[in-house]
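Laboratory data are not the source of any read-out in this text; all were calculated from the coordinates shown. Bear in mind the structure is a predicted one, so any value in this text is a computation, not a measurement. Quick reminder, even Gly has a Cβ in these numbers, built from the backbone with ideal geometry, and neighbours come from all protein chains shown.
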Amino acid sequence: MLENFTPAIESLKMIPSGGGLFEVLADDTIVYSKKAEGRHAEEGEVLGLFSEAIGLEPAPRA
């Protein structure tokens, strides 16, 4: 996420939790929730959902 959206991310917070909880939020809006989906995210899925949520395409990786 940081590699792809460095100019757009003002802050990033990682909060450890138990029970396999994995959530990604953008401006307090849940972009992906493992608990709600009942499964692990597919490769690139969270990146795509985050991109849609913030309205920006990811920057090309070097």
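Please determine whether any residue of region 7-25 is of a type in the set (A, V, I, L, M), assigned to a strand (DSSP E or B) and out of contact with any Gly (no Cβ under 9 Å at 6 or more places or on another chain).
yes
Going through region 41-56 one residue at a time, which ones are surrounded by 13 or more Cβ atoms within 10 Å (Cβ to Cβ) and not in a helix (DSSP H, G or I)?
ALA41, LEU56
Do any residues in region 3-28 that are closer than 18 Å to LEU49 by Cα have Cβ atoms under 8 Å from those of residues that are loosely packed, with under 10 Cβ neighbours inside 10 Å and among the hydrophobic types (A, V, I, L, M, F, W, C), where the two are at least six apart or on different chains, and which pairs are they?
ILE9/LEU2; LEU12/LEU2
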